[in-house]
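Trainee: The following block contains the structure, expressed as structure tokens.
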Amino acid sequence: MQQAVILTDEHIAALYPHLLKDLRVITIPAGEDSKSITTIARLTKELLEIGATRDTLLIGMGGGVVTDITGFLAAVFMRGIRCGFVPTTLLAMADAAVGGKNGVNNGMYKNMIGTIRQPEFILYDIQLLQTLPQEEWSNGFAEVIKYGCIFDAGLFDELAQHDLAWYMQNNDALNKVIERCVAWKNRTVAEDEHEKGIRKLLNFGHTAGHAIEKLYALPHGKAVAIGMMIACHISEQQTGLDAATTQQLEAALQRYHLPVHMAIDTAKVMALLQTDKKRKDDSINYILLQDKGKAVIHPLRLPVIEKALASL
Ligand code: ADP
Ligand code: ZN
């Protein structure tokens, strides 16, 4: 028999009981710590206990943590069941829920266990963002600004003109911005689902960003904001990016209450970069900007990155 099971986090379940009543719901504790193999094992058992079969549709309702776990669980449960997503954070609507990447962490190693597999549907409504804390809005805007940086100078300029409070009040503008990011992501994934080429550009800000996120326990968006600033500084040296663009990015990030600088321990960041999934021998395919709206894949040797980090 076909049936749907909703997977959400405890926080969202408590905020939206009216949407979930009469549905089969399983929950995880809110937060990144849930992204583990232990959670997958527990949820597998729970699905079996409530009678899930190969025909079950698993629907993940939540932020990127929930959609990542849902996608992975659906990919491996009984060797694969259908899934769909209802993203409830700006970050998940504009970026994380789109593109089919899923997975869990292995201790400190982020997203090291996972698959690439597209959901049946993604359904979102920005009304759900009314309950989202401001800090999570900021995190989402880090990824939104990322799309402007790598693909879309027009989007970048629009974001740089407005600010967080403005988008929180302007539903139409917010919907358009999300649609624009999703369109860029869909286009990228359609061309390169398995990240052999152009999809790598989406990692702008994420190389140093992931290391900083782990080392300093920063939220993803904040770490990506700092990572994008680092990538711009390196770009100035490597691709001749105009320093004015770095300054524009800095000002834009601040309009969305995102950090732009942090005193980092270069040795510790470098140690983590050595474990980066994207590392090849002693260089990393770093994503740099040539210009506003134009990112490039640029292999950088580890010592070059180290020197750049130390000079920040
Ligand atoms: P992401 O990876 O998308 O940033 P998470 O799944 O880590 O998001 O969610 C971030 C936090 O926001 C979690 O505590 C989650 O419970 C909470 N959250 C998600 N959606 C909403 C919402 N619509 N309203 C309030 N809180 C939410
Ligand atoms: Zn990200």
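Trainee: Mind checking the dipole of segment 90-248: about its Cα centre, +1 per Lys or Arg Cβ, -1 per Asp or Glu Cβ, Debye to the nearest 20?
Mentor: Numbers: 13 positive and 19 negative charges, 112 e Å.
For this selection, approximately 540 debye.
Trainee: Sticking with the crude label model, points 7 Å out along Cα→Cβ, report the distance from GLN254 to ALA165 in nm, one decimal please.
Mentor: It works out to 1.6 nm between the two label points.
Trainee: Taking amide H positions as placed 1.01 Å from N in the peptide plane, with prolines and chain starts having none, which residues 5 or more places from ASN106, or on another chain, fall under 5 Å of its amide H?
Mentor: For ASN106, the qualifying residues are ASN111, MET112, ILE113.
Trainee: Report the FRET efficiency, 1/(1 + (r/R0)^6), for ASP192 and GLU49, where r is their Cβ-Cβ distance and R0 is 45 Å, rounded to 0.05. Display every interim value, and only then the final one.
Mentor: On the way: r = 39 Å, r/R0 = 0.87.
In this case the efficiency is close to 0.70.
Trainee: Also, quick follow-up: Which one of GLY71, ALA97, ILE150 has its Cα pushed farthest toward the positive end of the charge dipole of segment 25-159, where Lys and Arg give +1 and Asp and Glu give -1 at the Cβ?
Mentor: GLY71
Trainee: Starting from the 7 Å offset along Cα-to-Cβ, what nm value, one decimal, do you get for the label separation of SER283 and GLU179?
Mentor: If labels sit at SER283 and GLU179, their model points lie 4.1 nm apart.
Trainee: log10 I(q)/I(0), Debye, Cα-only segment 178-252, no solvent, q = 0.19 Å⁻¹?
Mentor: -0.95
Trainee: Could you list the residues of segment 97-121 with an amide nitrogen less than 11 Å from a label point located 7 Å from the Cα of ARG82 in the Cα-to-C-beta direction?
Mentor: 120-121
Trainee: Can I ask one more? Just to check I understand the Karplus step: with θ = phi - 60° and J = 6.51 cos²θ - 1.76 cosθ + 1.60, what whole-Hz values come out for segment 96-107, glycine and proline as x?
Mentor: Calculated HN-Hα couplings, in order: 4, 6, 9, x, x, 6, 9, x, 10, 8, 10, x Hz.
Trainee: What percentage of all Cα-Cα pairs in the chain are separated by more than 25 Å?
Mentor: On the way: 23505 of 48516 pairs.
I get 48 percent for the Cα pairs in the chain exceeding 25 Å.
Trainee: Among VAL86, GLN3, ALA14, which residue has its Cα positioned farthest towards the positive end of the charge dipole of segment 1-94, with +1 placed on the Cβ of Lys and Arg, -1 on the Cβ of Asp and Glu, and the dipole taken about the Cα centre?
Mentor: GLN3
Trainee: Quick check on my link table: of LYS176/LYS280; LYS35/LYS292; LYS45/LYS146; LYS146/LYS280, which ones sit more than 28 Å apart, alpha carbon to alpha carbon?
Mentor: From LYS176/LYS280; LYS35/LYS292; LYS45/LYS146; LYS146/LYS280, over 28 Å: LYS176/LYS280; LYS35/LYS292; LYS45/LYS146.
Trainee: Same structure, new question: Once Rh is set to the Kirkwood radius over Cα pairs, what Stokes-Einstein translational diffusion coefficient, in µm²/s, holds for segment 97-238 at a temperature of 20 °C and a viscosity of 1.002 mPa s?
Mentor: Numbers: Rh = 16.3 Å.
Estimated diffusion coefficient is 132 µm²/s.
Trainee: Counting only protein heavy atoms and a 1.4 Å probe, tell me what percentage of the chain's accessible area is made up of carbon and sulfur.
Mentor: Numbers: 7030 of 13700 Å².
It is 51 percent, rounded to a whole number.
Trainee: Can you tell me the FRET efficiency between ASP172 and GLU236 if r is taken as the Cβ-Cβ distance and R0 is 51 Å, rounded to the nearest 0.05? Could the numbers behind the result be given before it?
Mentor: Working: r = 36 Å, r/R0 = 0.71.
FRET efficiency, ASP172 to GLU236: 0.90.
Trainee: What's the magnitude of the charge dipole for segment 207-279 around its Cα centre, counting Lys and Arg as +1 and Asp and Glu as -1 at the beta-carbon? Answer in Debye, nearest 20. Please list the in-between numbers first.
Mentor: Numbers: 7 positive and 6 negative charges, 64 e Å.
That gives a dipole near 300 debye.
Trainee: Rolling a 1.4 Å sphere over the protein heavy atoms, what is the accessible area per residue of the chain, to the nearest Å²?
Mentor: Numbers: 13700 Å² over 312 residues.
Computed with neighbouring chains in place, this is 44 Å² per residue.
Trainee: Want the number for LEU312 to TYR109: 0.36 nm per residue separation, take away the alpha-carbon distance, what's left?
Mentor: Working: separation 203, 0.36 × 203 = 73.08 nm, distance 2.54 nm.
Stretched out fully, the LEU312 to TYR109 stretch lengthens by 70.5 nm.
Trainee: Starting from 0.36 nm per residue, how many nanometres of slack lie between ILE37 and ASP125 once their C-alpha separation is accounted for? Working shown, then result.
Mentor: Working: separation 88, 0.36 × 88 = 31.68 nm, distance 3.00 nm.
Full extension from ILE37 to ASP125 adds 28.7 nm.
Trainee: A follow-up question, please. Report the equivalent ellipsoid semi-axes for segment 1-118 in whole Å, largest first, defined as the square roots of five times the eigenvalues of the gyration tensor built from alpha carbon atoms. Let's see the in-between values first.
Mentor: Values: eigenvalues 72, 58, 37 Å².
Taking √(5λ) for each Cα gyration eigenvalue gives 19, 17, 14 Å.
Trainee: Another question, if that's okay. Given q = 0.21, 0.27 Å⁻¹, what are the Debye log10 I(q)/I(0) values for segment 160-208, with equal point scatterers placed on the Cα positions and solvent ignored?
Mentor: Log-scaled intensity ratios, in q order: -0.81, -0.93.
Trainee: With +1 assigned to the C-beta of every Lys and Arg and -1 to the C-beta of every Asp and Glu, and no other charges, what is the dipole magnitude of the chain about the Cα centre in debye, to the nearest 20? Walk me through the numbers on the way to the answer.
Mentor: Numbers: 31 positive and 35 negative charges, 175 e Å.
Approximately 840 debye in magnitude.
The values are calculated or read from the model by the stated rules, or taken from the named source; none is laboratory data. Predicted model, so just to flag it, every value in this text is computed and none were measured. Note: ideal-geometry Cβ built from the backbone for every residue, glycine included; neighbour counts use all protein chains shown. Side chains included, ligands, DNA and RNA excluded: accessible areas come from the protein's heavy atoms. Shrake-Rupley method; radii C 1.70, N 1.55, O 1.52, S 1.80 Å.
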